[in-house]
Amino acid sequence: MANKSSHILVTGADGFIGNHAIRFFAELGHKVTALSRSVPASPDQYESVDWLESDLSGTALRLPSELDFIVHAAGRSPYHGGEEADFMRDNIEGTLRLAEAAIDVGCQKMIFLSGISVYGPVLTDCVDEGTTTAPVESYGHSKLAAEQLLNSSSDRLHSLILRLPGIVGAGAHSPWIARCRTALKQGETITAYNPNAPFNNILHIDDLLIFVERCFHEYINKTDVLTLASRDPVPIIDILDNVLNATGKTGAVVFSENNAKSFTISIRKACKEYGFAPMTTMETVRRFLNLNH
């Protein structure tokens with residue numbers, strides 16, 4: 001629970017994370033401005049949420065005055081598709097315009113949702129904030145460039161940059177586990193790798209938003225980077241066994257003998273310095289799959 005009611009702007013309010021965020025913050029009593037490219041057909045269903053229709057990478061952006069915090073969830077993901085120019089426009093130019101607009105109205109605190117794609121092909125057993133960034137795809141390049149842009153503005157805008165894993169919750173469809181669930185429900189056979197490798201590349205939307213809300217008043221006093229994930233990694237085979245059970249075993253899982261690099265995500269810094277306290281990986285999986293603990 002926040003120390004006081006704040007005015008929060010959420011970008012990408014019509015997306016998965018953004019939609020969960022505006023409801024979550026509004027239910028806690030915050031004043032919420034939801035920014036998206038289009039206003040929903042029934043905006044009245046979102047009580048105490050004001051809608052701002054805008055394309056971040058389009059015309060000049062005017063933000064509300066007396067804005068306390070920004071949660072920047074907007075952006076083009078690989079699941080949207082597009083050319084390199086689309087990622088550069090939506091993820092870099094959009095972030096630049098947002099940062100400039102925030103500074104113009106005197107808002108000094110932003111949480112930017114980045115991703116582990118900034119690392120590119122991971123060559124280590126565990127990823128953390130110090131792991132070398134070497135993106136090879138347009139999405140990772142654009143997210144890293146947006147991070148660098150916010151770092152260059154850190155004297156005027158404090159940004160907590162969160163490098164996220166797959167975020168799950170009601171309505172999630174793009175993370176690996178969600179795609180596995182969909183395929184297995186449809187009776188398909190999926191191929192996986194490294195059955196005994198530890199896995200924690202997942203975070204529940206509730207854990208993310210609880211952490212974000214806590215950070216508003218306690219921790220955003222500088223620009224910093226954090227890697228987030230669930231705690232207590234478990235073998236990949238255990239994850240897929242739960243998905244199979246949740247889908248009635250209509251599909252099948254086969255493990256390839258080809259070598260593929262597996263890795264975990266460190267949450268040491270987030271826990272030690274920022275009080276991050278997520279669910280375990282297995283709790284996260286079972287909650288997403290609606291299985292009894």
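The values are calculated or read from the model by the stated rules, or taken from the named source; none is laboratory data. All figures in this text were calculated on a predicted structure; none of them were measured in a lab. Ideal geometry is used to build each Cβ from the backbone, glycine not excepted, and the neighbour counts take in all protein chains shown.
So D155 passes all but one of these: (1) touching a helix residue (DSSP H, G or I) at 6+ places or on another chain (Cβ under 8 Å); (2) in a loop (DSSP other than H, G, I, E, B). Which condition number does it fail?
Every listed condition holds for D155 apart from (1).
Counting only residues that are among the small types (G, A, S) and in a loop (DSSP other than H, G, I, E, B), which one in segment 93-121 is surrounded by the fewest Cβ atoms within 10 Å (Cβ to Cβ)?
G106
Looking at segment 161-173, can you tell me whether even one residue there is surrounded by fewer than 17 Cβ atoms within 10 Å (Cβ to Cβ) and either assigned to a helix (DSSP H, G or I) or among the polar types (S, T, N, Q) (or both)?
no
Just to be sure, is A270 surrounded by fewer than 17 Cβ atoms within 10 Å (Cβ to Cβ), among the small types (G, A, S) and under 28 Å from P121 (Cβ atoms)?
no
Can you find a residue in segment 176-184 that is within 22 Å of R268 (Cβ to Cβ), touching a residue at least 24 places away in the same chain (Cβ under 8 Å) and not basic (K, R)?
No - not one qualifying residue is present in segment 176-184.
Being among the β-branched types (V, I, T) and surrounded by fewer than 16 Cβ atoms within 10 Å (Cβ to Cβ) narrows it down to one of T227, T223, T250, so name that one.
Answer to the check: T250.
Quick one: D90 ticks every box in (1) under 22 Å from the mean Cα position of the chain (by Cα); (2) not in a helix (DSSP H, G or I) except a single one, so which number is it?
Result: D90 fails condition (2) only.
Assuming P198 fulfils every condition listed in (1) closer than 30 Å to R23 by Cβ; (2) at pLDDT 95 or above apart from one, which condition is it?
If we test P198 against (1) closer than 30 Å to R23 by Cβ; (2) at pLDDT 95 or above, just (1) comes out false.
Counting only residues that are out of contact with any Leu (no Cβ under 9 Å at 6 or more places or on another chain), give me the strands (runs of 3 or more DSSP E) lying completely in segment 180-293 with at least 1 of them.
Answer list for segment 180-293: 189-192, 202-204, 252-255.
With the requirement that a residue be surrounded by fewer than 17 Cβ atoms within 10 Å (Cβ to Cβ) and either of a type in the set (A, V, I, L, M) or without any contact (Cβ under 8 Å) to a residue 40 or more places away in the chain (or both), what does segment 63-81 give you?
H80, G81
Is there any pair with a first residue in segment 137-154 that is in the same structural domain as T223 (by TED's automatic domain parsing) and a second that is among the small types (G, A, S) and buried (at least 18 other Cβ atoms within 10 Å of the Cβ) whose Cβ atoms are under 6 Å apart and which are 6 or more apart or on different chains, and what are they?
Y139/S117; G140/S117; K143/S114; K143/G115; E147/S114; L150/S159; S153/A99
Against the condition of a type in the set (D, E, K, R), out of contact with any Phe, Trp or Tyr (no Cβ under 8 Å at 6 or more places or on another chain), farther than 19 Å from A21 by Cβ and at pLDDT 95 or above, how does E147 come out, does it pass?
Here the answer is no, as E147 does not meet what is asked.
Check off (1) of a type outside the set (K, R); (2) under 15 Å from G75 (Cα atoms); (3) in contact with a Gly (Cβ under 6 Å, 6 or more places away or on another chain) for A99 and give me the number that stays unchecked.
Unmet for A99, out of (1) of a type outside the set (K, R); (2) under 15 Å from G75 (Cα atoms); (3) in contact with a Gly (Cβ under 6 Å, 6 or more places away or on another chain): (3).
Taking segment 82-92 as the search range and keeping residues that are surrounded by fewer than 19 Cβ atoms within 10 Å (Cβ to Cβ) and among the acidic types (D, E), which one is farthest from L150 (Cα to Cα)?
Per the stated criteria, the residue is E83.
Here's a check for you: in segment 260-293, which residue that is polar (S, T, N, Q) and touching a residue at least 40 places away in the same chain (Cβ under 8 Å) is farthest from I177 (Cα to Cα)?
It comes out as S266.
So, in segment 138-165, how many residues would count as being touching a Ser or Thr at 6+ places or on another chain (Cβ under 7 Å) and farther than 23 Å from Y79 by Cα?
Residues flagged as touching a Ser or Thr at 6+ places or on another chain (Cβ under 7 Å) and farther than 23 Å from Y79 by Cα within segment 138-165 amount to 6.
Being within 21 Å of the chain's Cα centre (by Cα) and among the small types (G, A, S) is the filter; apply it to segment 98-123 and report the residue that is nearest to S152 (Cα to Cα).
A99
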